[in-house]
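One structure below.
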Amino acid sequence: MIAAPIQTAAETSRGISLERLIRVAQALQSERFGLLLEDLVAEISGQMGHRWHKRTIYRDVQLLSLVGLAEYDDGRCSWIGTGGFFEQPATAFSLAYDHEARRKNPQWYRETADCA
């Protein structure tokens with residue numbers, strides 16, 4: 001029996017998805033006024049050498065929106081996270097988590113903050 005070649009994380013579908021998500025975040029962060037979704041698709045497709053569908057990139061932007069790092073409004077994708085996200089990722093994700101926690105359960109968040 002011949003063993004299948006071992007794939008690196010970047011070669012798996014999860015690795016490709018993560019790489020694409022990071023590239024989307026970097027592209028949005030580098031544009032002060034955001035990008036049209038079609039322009040973002042073209043940029044990510046060019047960087048990765050694969051033509052991505054508009055829906056795929058839209059889902060990546062929605063995922064970043066869910067954690068408070070990006071927004072999609074009227075066809076334009078914009079970065080709203082902290083300015084130094086890739087320089088200090090733990091801080092950015094911590095701030096995004098705090099924002100989401102406050103939104104979901106403001107009473108619990110106030111009680112927890114008062115204890116500290």
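The values are calculated or read from the model by the stated rules, or taken from the named source; none is laboratory data. On a predicted model such as this, the values are computed, not experimentally measured, just so you know. Heads up, the Cβs are rebuilt from the backbone with ideal geometry, glycines too, and the neighbour counts pull from every protein chain shown.
Tabulated values for the structure
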| item | result |
| --- | --- |
| Flag for Leu69 being surrounded by 15 or more Cβ atoms within 10 Å (Cβ to Cβ) and either farther than 22 Å from Ser13 by Cβ or among the aliphatic types (A, V, I, L, M) (or both) | yes |
| In the range 1-49, the residues that are modelled with pLDDT under 90, exposed (fewer than 11 other Cβ atoms within 10 Å of the Cβ), in a loop (DSSP other than H, G, I, E, B) and not β-branched (Val, Ile, Thr) | Met1, Ala3, Ala4, Pro5, Gln7, Arg32, Phe33 |
